[in-house]
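Have a look at the structure below before the remarks.
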Amino acid sequence: MSGLLLAGKRAVITGGSGVLGRALALALAEDGATVYLGARSLESARRALEAVQAEAQVLARIKPLVFDVLDAGSLKGAAAAVEAEGGADILVNAAGGNRPEASTAPDRDFFALDLSAVEEVVNLNFTGTLRATQAFGAGMARRRQGCIVNIASMAAVRPLTRVVGYRAAKAAVVNFTQWLAVHLAQTYGPGLRVNAIAPGFFLTEQNRYLMLREDGSLTERAQTILAHTPQNRFGVPEDLLSTLRYLVHPDSRFVTGVVIPVDGGFSAFGGV
């Protein structure tokens with residue numbers, strides 16, 4: 001039949017309507033998986049699919065799945081819908097984001113930060129990852145087979161200024177990845193794996209306020225980032241795909257609990 005590596009597999013992508021999420025979804029669909037593109041509304045899922053450039057047979061393997069990672073009821077319903085079709089083999093937790101109000105700035109002192117904004121960022125990035133893993137991972141645990149990939153951030157593993165809530169949340173995602181990898185392997189066996197990708201600096205809607213001025217020029221922070229990135233560029237969504245493919249590959253069966261930087265050398269550079 002098909003020689004595609006992931007033919008017959010089912011993958012759920014949280015945050016699938018985002019730029020990174022839909023790129024990850026497309027990669028898995030190109031490899032033969034049936035992909036459930038998670039989004040908060042059917043309209044946002046449709047807009048994401050319209051932005052995807054691919055052959056019709058690949059697009060046919062991507063299905064909208066409406067749920068909110070912070071809404072237990074919608075997650076339960078979405079997970080039940082996927083289980084009715086055989087259950088998830090792969091879960092990619094890509095839902096996340098940041099808010100300016102959860103970061104310090106010259107006019108926003110740490111001691112005056114809006115804690116509700118910080119909590120919102122922590123909930124979206126960490127709690128949403130945990131909730132989605134509980135919802136879609138329960139079936140994996142019953143089948144004792146499955147692969148979970150969390151999208152962390154370089155902010156989680158290298159000290160970065162300003163992004164208080166985001167950095168704390170992504171650090172929690174890294175810790176959770178390692179904890180869950182151990183827990184699932186010890187409790188349910190070696191067929192369950194959990195890993196993470198830590199992207200470096202990508203221009204997204206969530207961080208444009210930190211990276212670009214109103215006229216489109218780079219901020220001082222963005223210039224500093226490039227100066228400390230040996231490849232001297234920002235990442236693009238396609239840069240994450242080979243790492244995702246490696247982590248979900250059946251031959252990676254002995255790889256669990258790792259966090260892989262995709263950062264153009266940022267984490268390797270000491271500044272001199």
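Modelled with pLDDT of 95 or more, in a helix (DSSP H, G or I) and under 16 Å from the mean Cα position of the chain (by Cα): is that true of A27 in this structure? First the steps, then the outcome.
Details: modelled with pLDDT of 95 or more: yes; in a helix (DSSP H, G or I): yes; under 16 Å from the mean Cα position of the chain (by Cα): yes.
For A27, the condition - modelled with pLDDT of 95 or more, in a helix (DSSP H, G or I) and under 16 Å from the mean Cα position of the chain (by Cα) - is met.
Every residue, every condition in (1) farther than 21 Å from R99 by Cβ; (2) touching a Ser or Thr at 6+ places or on another chain (Cβ under 8 Å), yes or no:
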site: V157; (1), (2): yes, yes
site: K170; (1), (2): no, yes
site: T187; (1), (2): yes, no
site: I197; (1), (2): yes, yes
site: L212; (1), (2): no, yes
site: S217; (1), (2): yes, no
site: F234; (1), (2): no, no
site: V248; (1), (2): yes, no
site: V272; (1), (2): yes, no
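Name the pairs whose Cβ atoms lie under 9 Å apart, with the first residue in the range 198-209 and on the phi < 0 side of the Ramachandran plot and modelled with pLDDT under 90, the second assigned to a strand (DSSP E or B) and not aliphatic (A, V, I, L, M), and 6 or more positions between them or separate chains?
Sorted first by the residue in the range 198-209, then by its partner, the pairs are F202/G235; L203/G235.
Of all residues in the range 82-107, count the ones that are surrounded by fewer than 18 Cβ atoms within 10 Å (Cβ to Cβ), in contact with a Lys or Arg (Cβ under 9 Å, 6 or more places away or on another chain) and farther than 26 Å from R22 by Cα.
3
For the range 114-159, give me each residue that is assigned to a loop (DSSP other than H, G, I, E, B) and surrounded by fewer than 17 Cβ atoms within 10 Å (Cβ to Cβ). So that I can check it myself, show each step before the final result.
Just the residues of the range 114-159 that are assigned to a loop (DSSP other than H, G, I, E, B), to begin with: 114, 144-145, 152-153, 157-159.
If the condition is that a residue be assigned to a loop (DSSP other than H, G, I, E, B) and surrounded by fewer than 17 Cβ atoms within 10 Å (Cβ to Cβ), then D114, R144, Q145, R158, P159 are the ones that fit.
Which one of these is touching a residue at least 24 places away in the same chain (Cβ under 8 Å), among the basic types (K, R) and under 14 Å from G18 (Cα atoms): R47, R61?
Numbers: R61 fails: under 14 Å from G18 (Cα atoms).
Result: R47 is the single residue among R47, R61 that is touching a residue at least 24 places away in the same chain (Cβ under 8 Å), among the basic types (K, R) and under 14 Å from G18 (Cα atoms).
Inside the range 41-66, can you point out the residues that are surrounded by fewer than 18 Cβ atoms within 10 Å (Cβ to Cβ) and in a loop (DSSP other than H, G, I, E, B)?
Across the range 41-66, the qualifying residues are S41, V52, Q53, A54, E55, A60.
The values are calculated or read from the model by the stated rules, or taken from the named source; none is laboratory data. Remember, it's a predicted structure, so these values are computed and weren't measured experimentally. Every residue, glycine among them, receives a Cβ derived from its backbone with ideal geometry; neighbour counts consider all protein chains shown.
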